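Every read-out reported here was derived from the displayed coordinates using simple, explicitly stated rules and does not represent laboratory data. Computed from a predicted model, the values in this text were never measured in an experiment. Cβ placement follows ideal geometry from the backbone for every residue including glycine, while neighbour counts extend to all protein chains displayed.
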Amino acid sequence: MCDARPSAPADAEARRAIAPVICYPVDTLPAAPMALYSAAREGLLLVDTVTAPARDAATFTVPAGHFCRIVSVDGPQVGDLNLWNANDLSERFFSGKTRALHGTHVTTGDRLWSNLPHLRPMATVTHDTLGWYGIDGYGGSVHDVIGTRCDPYTNNLLSGGQYHHCCHSNLTRALADHTGLPLDQAELHVHDVLNVFMCTGFTRDTGQYFMKASPVRPGDYFEFFAEIDLLGALSACPGGDCSSEHSSDTAACHRLEIQILKPASGALQGWQAPAANGYDRSHGR
Ligand SMILES: [Zn+2]
């Protein structure tokens, strides 16, 4: 597969021993008003419920200033989440920069950032019943922003065949149904996901992406606050709890419930939607 490893220089150990520095310390990011969100959570009113059927996806909208919960209902199940600005599909969730800022997995207090040139918080994670999990002995954790979404193209390369219920296709059909766009155009808006409830990491010896059975149980939920008007799509992954395989009909799969919740009037006194990013976009010209 690859050439033999080149011989190490004499100072190899010294080079390896250099301590890492955090690429993006987040202490200078505008702080999320978590105390305000926490108080607003006390008086939430359920205004809409949407179901993502097993091995399929559903779209939902969350007005700015509302909360959204993704709830495990019937059994352990992983969900692949896409988010767009409801008024402009070109602004969408940026898993790569969210990962660079907050780490490989997200939990309460982390923000879900939009793509360039927008780069502003689309949502803030406000509650995570799996927040107890932490990082396990394999380096695994939940709610990752390292996976992409299972897709029929990778499946075709690895295994051959035409499987139509990968999260990529589920999200594509759901977005096409919501927007009226033809499938091939809707597909271009589908992007790298937040893997809600999925337990993943990288193997220590080979650095490969791994998954393991999700610790999620019925009643667990992942909750976020919409900083802007959001259009979301959630796919109940054909991998089920992702303990064995995805991209097939083999795994036991369950529906996921999406709840939209509205805070009591006045509960968000002083809150403002995030402004556009402050970079002037002149790029040195
Ligand atoms: Zn999937």
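Computed from the Cβ-Cβ distance with R0 of 30 Å, the FRET efficiency linking Arg5 to Val26 stands at 0.25.
Highest mean packing first, where packing is the average number of other Cβ atoms within 10 Å per residue, the peptides 130-141, 70-81, 46-57, 16-27 line up as 70-81, 46-57, 130-141, 16-27. Amide H contacts under 5 Å for Ala123: Leu112, Glu227, restricted to partners 5 or more places along the chain or on a different chain, H placed in the peptide plane at 1.01 Å from N. Taken as Cα centroids, region 233-261 and region 40-86 sit 14 Å apart, rounded to the nearest whole angstrom. Estimated from helical segments only, the mean residue ellipticity of the chain at 222 nm is -4000 deg cm²/dmol, where each DSSP H run of four or more residues counts as -39500 (n - 2.57). Near the amide H of Phe210, within less than 5 Å, lie the amide hydrogens of Gly201, Phe202, Thr203, all on another chain or at least 5 residues away, with H placed in the peptide plane. In this calculation the C-beta distance from Asp48 to Leu89 is compared with R0 = 22 Å, giving a FRET efficiency of 0.60. Across region 10-19, coupling constants 3J(HN,Hα) worked out from phi with the 6.51/-1.76/1.60 Karplus curve, θ = phi - 60°, read 4, 9, 4, 5, 5, 5, 5, 7, 4, 6 Hz, and Gly and Pro carry x. For the pair Met34 and Ser243 in one chain, pulling the backbone fully straight at 0.36 nm per residue adds 71.9 nm over the alpha carbon distance.
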